[in-house]
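Scroll down for the structure; my scribbles are underneath it.
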Amino acid sequence: MTRDRELLDSGSIGDPKQLQSLQAELESLARRQSDLEDVELEIMERVEGAAAAVAQLTEERDALANERETLATSVHEQRAAIDAERRMVDEQRAVIAGDIPSDLMGLYDKIRADHGGVGAAPLHRGTCEGCRLTLPPTEIEALRAAPPDAVIRCEECRRILVRTPESGL
């Protein structure tokens, strides 16, 4: 385009058809250059948009990685606390289990194995907290009449019922 412009400006071409042809080619080259510049601008806009999206996604990824690390640390701390509490409860259970007759402890362990780790349930206002069913009035009367050291089981879930002041007896 520069070469054709210099040739046109030099005035060395005297033929009008050749001048016209050269001008038409310069116009064609100018249109082509304009079209290519438009395409280049469009591509640059796309690149900027993609770079912004990459930056945003990178920020989100970093934030999520930090959050994951924080949560992993929290989970680790909570597991350590749970393990420590479990050891303490197991030690307390062993002390208490030593005071319970072996036949009652055997019954409790059997029921506990059959019911997902819960062998006894409190009786709260006439309701077994193991199966959440309200005991019929006849069973409540039988519980009131039973001696305090009697082992009483729920007729529905078969867990040992623990009588407390909130039992409603």
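Do the conditions hold for residue 37, that is, is it surrounded by fewer than 11 Cβ atoms within 10 Å (Cβ to Cβ) and under 28 Å from the mean Cα position of the chain (by Cα)?
It is false that residue 37 is surrounded by fewer than 11 Cβ atoms within 10 Å (Cβ to Cβ) and under 28 Å from the mean Cα position of the chain (by Cα).
Mind listing whichever residues of region 93-113 are among the charged types (D, E, K, R) and part of a helix (DSSP H, G or I)?
93, 103, 109, 110, 112
Read-outs throughout are calculated quantities, based only on the coordinates presented, and are distinct from any laboratory measurement. It should be emphasised that the depicted structure is a prediction, and the values quoted were computed from it without experimental measurement. We place every Cβ from the backbone using ideal geometry, glycine too, and count neighbours over all the protein chains shown.
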